[in-house]
Structures are given as C-alpha cells and as structure tokens.
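Reviewing the structure listed below.
Read-outs throughout are calculated quantities, based only on the coordinates presented, and are distinct from any laboratory measurement. In this text the structure is predicted, and so the values were computed from the model without any measurement. Glycine gets a Cβ as well: all are built from the backbone with ideal geometry, and neighbour counts include every protein chain shown.
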Amino acid sequence: MAKTKSAGKAPNRRGSIEAIEKRRAGRLFNDVLGGRRASAKLDGRTEKRRLRLLKELELGTRGKRDLKPLDVLQHVQELLELGEPVSAIRKVAKPRKSPVPEDQLVDVVSRLHKAYAFRPEVYRFVGVADDVLKQAGVLGEASPKRGRPRRRG
C-alpha cells in the first residue's frame, strides 16, 4: 500500500524555507549565547562554499563554463552576506569596465534591481557606474562615502 502525501506538507522538509530559517536562527542563538560571535567562524559547509565562490570569481569560470555577469553579481552578493569584505573580493575579482553605454544600462539595471535587490557595491564588479545606479534608483542622491571616516579631535 503506497503512502499518500498530505496536500499541506512540502515534499522536501529539509529544504523548505521555514526549516532553513530555523536552522540558521538556532545556530545564531547558540553562537550568541555560547559566547562566540555570530560571524567569528563559519561552519564547514559554509566555509567550503565561501572558498568555492572566491575561486570561481578568481578564475571567471564555474566548472567548464564562463561566469556570466549575473553569476558574478550573485557570487559577490552571497560572499558579502557571508561576511566577506569588499576589499577581499576585489583582490580576486577585479571590477570590470562596461562596454555598454550608460543610457542603455539604466532600464536594465532598474529591472534587475527590482527582481534581485542586489547591494549597490555588487554592481561595480560588472562595470556599472554610480551614475547609472543613481539613475536606476539603486543609489539615493548621496553616494556612500568610501574609506574610513576622519578622526575628530
């Protein structure tokens, strides 16, 4: 007799959004109350993934195929979410110059940002300038300051 699946239950509970969030929240809770900082050390799988993403960015390929610009955006975004500093990513993946005129990029970047909500600094790795990001609505009027703040006193 075959088992029947209930209509409300996901076929893969391990990969459901709720289960993933529970595991992440549990790890964070244990790290905070256990005395470790949340970003002090990544677990083994996450560290291997971080290293793989950095290697793929450095080589510009994933397996046998070249990384497309969207792949670069996704890799950089994920590395930033894992706590990797922009300066470390910049060392392995040099920001490119865009061969496309800025006026053609504005609409495309606007649509892409609405769909993916990438962080603004990610777009620099595929050659999208701050002017395009401002026109596309990704950056506000004031561009973020670069470098360390000046010391007063």
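Summary of computed values
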| quantity | calculated |
| --- | --- |
| Distance (nanometres) between label positions extended 7 Å along Cα→Cβ at SER87 and GLU102 | 2.8 nm |
| Reachable aspartates and glutamates, given that their alpha-carbon falls under 16 Å from the alpha-carbon of LYS68 and they are not under 8 places away in the same chain | GLU56, GLU58, GLU78 |
| Listed residue (LEU79, LEU53, PRO95) projecting farthest to the positive dipole end of the stretch 43-136, Cβ model | LEU53 |
| Only Lys, Arg (+1) and Asp, Glu (-1) charged, at Cβ; the stretch 43-136 dipole about Cα centre in debye | 440 debye |
